[in-house]
Amino acid sequence: MSQLQELTFTLGEINFEGHTFNCLPIKGSQQVLQVLVSELDEVPIYMTITDTQILCIAYLCRTHEIRADKQTEVHRSMLEMNVAMPLSSFAIVEDYYVVFGALAPSSRQEDICRELITLAANAYDALEALEEFLN
Amino acid sequence: MSSVFDKLWTALRGGVREIGDAIVDNNGIRIFEQEIKDAEANIAAAKRSLTEVMANKMQAARKVDELSQSIRQNETYAEKALAQNNEALALEVAGKIAAQENDRNEQQAIVTRLEQQIEQLKGHIKKAEKLIADHQRELALVRTTESVQKATEQVVENVASNNSAMNSARESLERIKKRQEMRQDRMAAGDILAAEMGDGTLDSKLEAAGIKGGKADASAVLARIKAGKTQ
């Protein structure tokens, strides 16, 4: 059983600091797991595991949703926020702005849970912060 | 490191490629993996010859030690022969010592040469190991980029069409706000309900003020019965 499959089972059973995790594997050649964190489930987290890391990604919006004249300002703010934002960073993947967290594949279940909750909360905050820059 | 980083950087920038196009083709990755495997095989071979060279060096060093010991022994013999004024015997021993010293110099030269070889081999191995580590990091970089790309495509394909998950930021925010309002409403409703169920209701105030009839009271009932009234 792959690590992600194992996580699908274990995460589904856990209650971590009042949050539960609703897991749904996404079909395709790359193993991807959609995780909805209870109370923060409007922004799903997508997990995928590579040779070197467990990646957790929350897609915020498409790049064109940000006002063209505000893009530079947004990018700068994201870079400035990156260090302070707990456990997560901003990034662009394909055509999406995302916040993501990366963990070592050897991370404990507890660390993964904390990552997921923190990332979902960060995504909520990030969306709210982005609101004034949207088209 | 910089070469792959540069390539990725260039590939990712400025819409050089369409969504779905691989950044580094699979063939490229396979070649890269093969290079790593080859380098690892080379290191393994270098380590094997290193142990051999080290064993040879130890052997030569042992010979040097043995010869030195034997030379010292022979020197005492020569001294003793001289003490007995046996010049001829002393000379014979001295001849043996000279031959041993030549031998020892030869062996010492071998030790020195092997030591240099060992240092060289160690250097090669270290360099190759660093190269492999760098290659592996580069490969991880490329692989991760590909994984994330693929994952995103799958999410977009599978989720976006039939689910709100990949909606625009506006829609997400709308939903988040609605949920927050709902939660606040629920909390407010909870407060109201708590107040209605508790002491603060109008009924209890009226009762407290004696305006509205209170509960049946045992002494009042008894008094009524004593007074001969029935209800």
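Since every read-out is calculated from the coordinates, none of them should be taken as a lab result. Since the model is a prediction, treat every value here as computed from it, not as a measurement. As a convention, Cβ positions derive from the backbone with ideal geometry for all residues, glycine included, and neighbour counts pool all protein chains shown.
Some points to look at:
- Projecting the alpha carbon convex hull of region A:3-133 along each direction and taking the average yields 8.1 nm².
- Expected-Rg normalisation [2.2 N^0.38 Å, Cα atoms] applied to the protein assembly as shown: 1.95
- Gap separating the Cα centres of region B:46-122 and region A:94-135, nearest whole Å: 70
- Inter-chain shielding of A:39-49 (mean C-beta neighbours from other protein chains, 10 Å cut-off): 4
- Sites B:Ser70 and B:Ala39 - FRET efficiency at Förster radius 35 Å, r taken between beta-carbons, to 0.05: 0.15
- FRET E, pair B:Ala195, A:Gln5, Förster distance 45 Å, beta-carbon r, rounded to 0.05: 0.35
- Hydrophobic long helices, here whole DSSP H runs in chain A with Kyte-Doolittle means of at least -1.0 and Cα atoms spread over 20 Å or more along the helix axis, are found at A:109-130.
- Mean separation of Cα contacts under 8 Å (6+ apart) over length of region A:45-130, as relative contact order %: 36
- Subset of B:Lys63/B:Lys122; B:Lys57/B:Lys126; A:Lys27/B:Lys178; B:Lys57/B:Lys80 violating a 26 Å alpha-carbon distance limit: A:Lys27/B:Lys178; B:Lys57/B:Lys80
- Theoretical FRET efficiency, 1/(1+(r/R0)^6), r = Cβ-Cβ of B:Glu119 and B:Asn86, R0 35 Å, to 0.05: 0.15
- Ranked by how many other Cβ atoms sit within 10 Å of their own Cβ, fewest first, the residues B:Leu91, A:Leu33 fall in the order B:Leu91, A:Leu33.
- Proximal charge balance of A:Gly101 [Cβ under 15 Å; K/R count +1, D/E count -1]: -2
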